[in-house]
Structure formats: structure tokens, C-alpha cells
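In what follows, a structure is listed as C-alpha cells, so that the remarks can point back to it.
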Amino acid sequence: MQAKSLLLTGGALLAATSGALASGFQIGLSGQKNIGMGGTGTGLYLDQAAQFYNPGAFAFVGYSSFQAGINMAVPRITFRPEGGGTGQETLQNKNVFPFNGYAGFKVNDKFQVGLGAYVPFGSELHYGHGWTGRYTLTDIKLTSVYVQATAAYAITPQLGIGAGLVMLAYGDVDLQRDIPLQSQNGTTAHATLSGKADHKFGYNVGIMYKPSDKLSFGASYRSAIDAHVSGGDVRVSGIPAAAASSFTATNFSATLPLPDVYSFGVGVRPNDKLTLAFDANLVRWSKYQALNFTYTGGVLGGAGVTSSSSVRNYKDAVALRLGGQYKVTSGLSVRAGGFYDFACVRDGYLTPETPDADRVGLTAGFTYEFSQRFGIDGSFLFEDFRQRSQSQADLVANGTTDRVAGTYKTTISVPGIGVYVKF
């Protein structure tokens with residue numbers, strides 16, 4: 001049996017089926033106000049989360065504050081194998097809780113500095129016992145935390161620039177799958193790959209231009225980060241004695257390229273109560289062409305097999321976002337938005353942990369200020385993925401038989417809440 005068929009496949013090192021707000025396995029839940037406005041934030045500034053969306057816009061925040069938010073992603077993913085098989089199969093879906101937090105400090109009228117933390121990737125999925133794709137994936141649990149230090153400067157009252165140093169501060173992954181072998185007592189063999197990601201650095205830069213109080217333009221760039229797991233643990237169980245010599249590897253290493261993102265945005269303020277925003281994001285997923293594993297301490301899947309590769313062949317993807325905010329009273333603002341996000345995974349390349357598809361998102365939110373210094377933000381996102389299928393003939397033609405043929409359908413609901421304190 002070839003090692004390629006034994007891989008815990010997918011962009012699953014630091015990825016997730018339940019990634020929300022972006023193609024592939026991104027999660028864009030990095031600011032409660034921004035979520036409520038369809039994930040916009042490049043062409044305007046709403047609060048300290050501008051550090052993530054556009055460091056150039058952060059230059060105009062103009063006050064010091066601390067804010068924190070948490071979301072609960074509730075995915076529902078179903079799968080129907082090609083030809084009907086056992087009928088529709090539903091994941092034992094687990095909720096995940098991405099968080100975000102920012103501290104921003106006004107140094108003077110032109111200079112702003114800040115520190116932020118957010119969770120761009122994370123999931124916990126458990127497929128049902130004996131499901132059709134159990135030899136591709138049974139369980140995935142992962143966590144990642146990014147930290148960003150940001151500085152921004154308003155060159156003029158109309159022009160601001162900013163930059164952030166980004167670090168993958170913490171990454172943890174646990175992937176599991178069954179192996180098509182049975183032990184002497186009849187149990188199915190099982191494999192687990194787990195490990196922690198190395199610390200890696202990237203950057204985030206942006207610019208904002210405000211020709212008037214009613215109009216603003218922004219652009220930002222977030223660099224790619226190669227998430228690398230080295231010295232990860234390989235554990236197998238239920239291997240029959242006759243095949244034991246083919247499963248002796250104890251460690252693995254692998255690298256997942258997390259793509260760079262170009263964003264462009266416009267903010268419009270027709271009057272003092274209404275704010276409108278439009279964003280376009282280009283995510284360079286084409287960097288992700290294959291997922292390669294290297295094994296140490298032995299072999300995995302056959303004599304002499306110490307490495308393997310699984311094709312991905314992703315393509316660049318675009319997302320279009322629209323949002324609005326209306327100030328109902330001096331203390332209450334409401335928001336709504338939506339987006340359309342194009343899939344980055346090509347036909348015939350879907351994996352159980354990333355069944356990507358074109359998707360539509362609808363959002364809503366509010367802010368209530370209890371005083372000039374303290375307030376609460378609420379947000380809600382509903383994301384509907386188009387149903388997507390792949391056949392066994394597609395997998396054979398693409399050389400992707402390390403995954404499963406059938407039809408996926410995904411929806412995600414994400415309520416969220418946050419608080420802020422100005423000082």
C-alpha cells in the first residue's frame with residue numbers, strides 16, 4: 001500500500017472546513033464591527049481592528065482603547081457518496097470559538113501604535129464512525145493564534161500609512177484517519193498525526209486616502225506565511241503483525257503555504273448617520289500546489305517509503321463584499337452586509353477537511369455604547385456554500401484518488417460578541 005493513500009490529506013495542517021468569510025480555509029472573524037458589515041474594512045476605519053484590515057486606516061482611529069471579541073462558528077456539513085451509497089452522511093459537527101483582541105494607543109495626533117491577536121485558522125470536526133471517507137479523514141482538531149504589532153502614521157489629514165509585524169505565535173494540529181487494514185482482533189487500523197507549528201513571521205501593510213470627510217479609499221497587503229510542522233508525532237494502532245514493518249515512522253514534517261492577500265476598499269459617508277463600504281479581496285491560493293510530507297524514524301506505508309506528496313492545484317480567488325452602518329441614536333448603531341466568495345479549489349480536488357465552494361454570506365450587527373468609554377458589539381454571519389460534487393472519474397483523471405467521490409453541502413452560522421473600553 002502506497003504512502004500517498006495513507007496520508008492525512010488536505011490543507012489540514014492549519015486549515016479547516018469550517019473556515020468562515022473566505023475561500024479555502026481562511027477565517028476572517030477578526031473584528032466584530034467588520035463582521036457585521038460583510039467583512040469590509042479596507043476602505044474605512046471602524047475601531048482598533050483596523051490593525052488587521054488596513055494598517056493605513058489605523059492611523060486615523062484617533063483614540064486609545066482596548067477591545068476583545070469572540071465568535072462561535074456552528075458548521076453543518078453533509079456528504080452524499082457517489083451513487084447514493086449509504087445515503088446522506090452528516091458530520092458530528094463541533095463548534096469552534098475564534099477570538100480577536102486589540103489594544104491601540106494614540107501617541108499624538110498623527111501617530112498610532114497597537115497590538116492585536118486573532119485566530120485565522122481553527123477547527124474541530126469528527127466524521128461519523130464508518131463514514132465513506134474514513135480512509136481519507138476521520139477527525140481533525142487544530143488551533144492557531146497570530147499576534148500582530150502595528151504602527152501607523154497620518155502623513156497629512158488625508159493620507160495615512162501603516163505596517164504590522166505578524167507572527168504565527170501558536171499552532172497545534174491533530175489529524176486522524178482509518179487505514180484499510182484490520183488487526184488480529186478485527187479492529188480497523190488507525191493513524192494519528194499531531195504536532196505544533198514553528199513560529200513564523202509575516203507582515204501587513206496598508207494605505208488610506210481621504211479626499212473628503214464623505215469618501216475614503218484604502219489598500220492593504222498581507223504577506224504569505226509558510227506554516228511548518230517539524231518533529232510531529234506519527235502514531236498508528238491496530239496494524240496487523242504482517243504489515244508492522246511498513247508502519248514504523250515515528251515523526252513527520254510538512255509545510256502549508258498560507259497565501260498572501262491583496263485588498264482594496266472604498267468607504268462612503270453620505271451623512272453623519274450612514275456609512276457604506278465596499279471591499280474586494282484577491283487571495284493568491286495558486287501558491288498551494290501540493291502538500292508534501294517527510295517521515296523520519298522509519299517508513300510509512302511500504303518498504304523504503306519516507307516521503308509522499310498530495311496534489312492540491314489551487315487557483316487564486318476573489319471575494320466581493322458590501323456593508324453598511326446606520327447610527328440610530330447617539331448610543332446605538334446597526335449594521336448589515338453581504339459578500340460573494342469564489343472557491344479556490346478546482347473541480348476534482350475537494351478534500352473532506354476543505355470541501356470548498358462558491359459561497360454567499362449575509363451579516364448583521366450592532367454596537368451599543370453605555371457611556372463615552374464603554375460599549376458592546378454584536379455580530380452575526382450566515383454563510384451558505386453551493387452544493388459541490390466530484391466523481392470517481394474526476395479523481396482518477398486528476399490523480400487525486402487519495403480523497404473521496406461524492407457531494408458536499410455546507411452552511412455555517414457564526415454569532416459573535418465583543419466589548420471595548422476607551423481610555
V236, sole failed condition from (1) in contact with a Gly (Cβ under 9 Å, 6 or more places away or on another chain); (2) buried (at least 17 other Cβ atoms within 10 Å of the Cβ): (1)
Which of the numbered conditions does R76 fail, given that it passes all the others? Conditions: (1) out of contact with any Asp or Glu (no Cβ under 7 Å at 6 or more places or on another chain); (2) outside any loop (DSSP other than H, G, I, E, B); (3) charged (D, E, K, R); (4) modelled with pLDDT of 90 or more. (4)
For segment 138-146, check the following and say yes or no: at least one residue is of a type outside the set (A, V, I, L, M, F, W, C) and within 12 Å of P352 (Cβ to Cβ). yes
Of all residues in segment 148-193, which are of a type in the set (S, T, N, Q), under 20 Å from T250 (Cα atoms) and crowded, with 18+ Cβ neighbours inside 10 Å? Q176
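Residues in segment 183-205: is at least one touching a helix residue (DSSP H, G or I) at 6+ places or on another chain (Cβ under 9 Å) and within 30 Å of F105 (Cα to Cα)? Before the answer, list the steps.
Keep residues of segment 183-205 that are touching a helix residue (DSSP H, G or I) at 6+ places or on another chain (Cβ under 9 Å), which gives 183-184, 189, 191, 204-205.
After this cut, where a residue has to be within 30 Å of F105 (Cα to Cα) as well, the list is 204-205.
Looking for residues that are touching a helix residue (DSSP H, G or I) at 6+ places or on another chain (Cβ under 9 Å) and within 30 Å of F105 (Cα to Cα), one finds at least one in segment 183-205, hence yes.
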Scan segment 329-378 residue by residue and report those that are free of Cβ contacts under 8 Å to residues at least 24 places away in the same chain and touching a strand residue (DSSP E or B) at 6+ places or on another chain (Cβ under 6 Å). Y340
Condition first: surrounded by 15 or more Cβ atoms within 10 Å (Cβ to Cβ) and not in a strand (DSSP E or B). Now tell me which residues in segment 354-391 satisfy that. P355, D356, A357, S391
In a loop (DSSP other than H, G, I, E, B) and touching a residue at least 60 places away in the same chain (Cβ under 8 Å) - does that describe any residue in segment 137-150? yes
I need a count of the residues in segment 259-300 that are surrounded by 15 or more Cβ atoms within 10 Å (Cβ to Cβ) and without any contact (Cβ under 8 Å) to a residue 12 or more places away in the chain. 0
Residues of segment 392-409 satisfying the condition of being part of a loop (DSSP other than H, G, I, E, B), over 23 Å from the mean Cα position of the chain (by Cα) and of a type in the set (A, V, I, L, M): A405
What pairs come out if I take residues in segment 45-57 that are under 16 Å from G418 (Cα atoms) and pair them with residues that are in a helix (DSSP H, G or I) whose C-beta lies under 6 Å away, six or more apart or interchain? L46/K33; D47/K33; A49/N34; A50/A57; A50/F58
Pairs where the first residue, in segment 379-391, is more than 18 Å from G324 (Cα to Cα) and free of Cβ contacts under 8 Å to residues at least 60 places away in the same chain and the second is assigned to a strand (DSSP E or B) and not hydroxyl-bearing (S, T, Y), C-beta under 6 Å, 6+ apart: D384/V360; F385/R359; Q387/K409
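Taking F252, is it over 29 Å from the mean Cα position of the chain (by Cα), at pLDDT below 95 and of a type in the set (F, W, Y)? Give the steps one after another, and end with the answer.
Values: over 29 Å from the mean Cα position of the chain (by Cα): no; at pLDDT below 95: yes; of a type in the set (F, W, Y): yes.
Against the criterion (over 29 Å from the mean Cα position of the chain (by Cα), at pLDDT below 95 and of a type in the set (F, W, Y)), F252 does not qualify.
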All but one of (1) out of contact with any Gly (no Cβ under 9 Å at 6 or more places or on another chain); (2) part of a strand (DSSP E or B); (3) crowded, with 17+ Cβ neighbours inside 10 Å hold for I207; state the number of the condition that does not hold. (1)
Need at least 1 residues that are closer than 25 Å to G43 by Cβ per element, so show me which strands (runs of 3 or more DSSP E) inside segment 216-317 make the cut, counting only ones lying wholly within it. 225-237, 251-258, 261-268, 274-283
Conditions (1) under 30 Å from W285 (Cβ atoms); (2) more than 27 Å from the chain's Cα centre (by Cα); (3) polar (S, T, N, Q); number of the one not met by S333: (1)
Just one of the numbered conditions (1) farther than 27 Å from A241 by Cα; (2) buried (at least 20 other Cβ atoms within 10 Å of the Cβ); (3) aromatic (F, W, Y) is not true of W131; which one? (1)
Counting only residues that are of a type outside the set (D, E) and in contact with a helix residue (DSSP H, G or I) (Cβ under 7 Å, 6 or more places away or on another chain), which one in segment 314-335 is modelled with the highest pLDDT? R335
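Can you work out which of the residues in segment 392-423 that are among the charged types (D, E, K, R) and touching a strand residue (DSSP E or B) at 6+ places or on another chain (Cβ under 9 Å) is surrounded by the most Cβ atoms within 10 Å (Cβ to Cβ)? Walk me through how you get there before you give the answer.
Kept after step one, since they are among the charged types (D, E, K, R), are these residues of segment 392-423: 394, 402-403, 409, 422.
Among the residues that remain, those that are also touching a strand residue (DSSP E or B) at 6+ places or on another chain (Cβ under 9 Å) are: 402-403, 409, 422.
Details: D402: 20, R403: 24, K409: 19, K422: 17.
Checking each candidate, the answer is R403.
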Any residue in segment 64-72 that is at pLDDT 95 or above, aliphatic (A, V, I, L, M) and part of a loop (DSSP other than H, G, I, E, B)? no
For segment 323-353, how many residues are in a strand (DSSP E or B) and basic (K, R)? 2
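When you scan segment 210-220, how many residues do you find that are without any contact (Cβ under 8 Å) to a residue 60 or more places away in the chain and either buried (at least 22 other Cβ atoms within 10 Å of the Cβ) or in contact with a helix residue (DSSP H, G or I) (Cβ under 9 Å, 6 or more places away or on another chain) (or both)?
Taking segment 210-220 and keeping what is without any contact (Cβ under 8 Å) to a residue 60 or more places away in the chain, we get 211-215.
From what is left, the residues that are either buried (at least 22 other Cβ atoms within 10 Å of the Cβ) or in contact with a helix residue (DSSP H, G or I) (Cβ under 9 Å, 6 or more places away or on another chain) (or both) are none.
Total meeting the criteria: 0.
The values are calculated or read from the model by the stated rules, or taken from the named source; none is laboratory data. In this text, all values refer to a predicted model and were calculated from it rather than measured experimentally. Because the Cβ atoms are built from the backbone with ideal geometry, glycine has one as well, and the counts that use them run over all protein chains shown.
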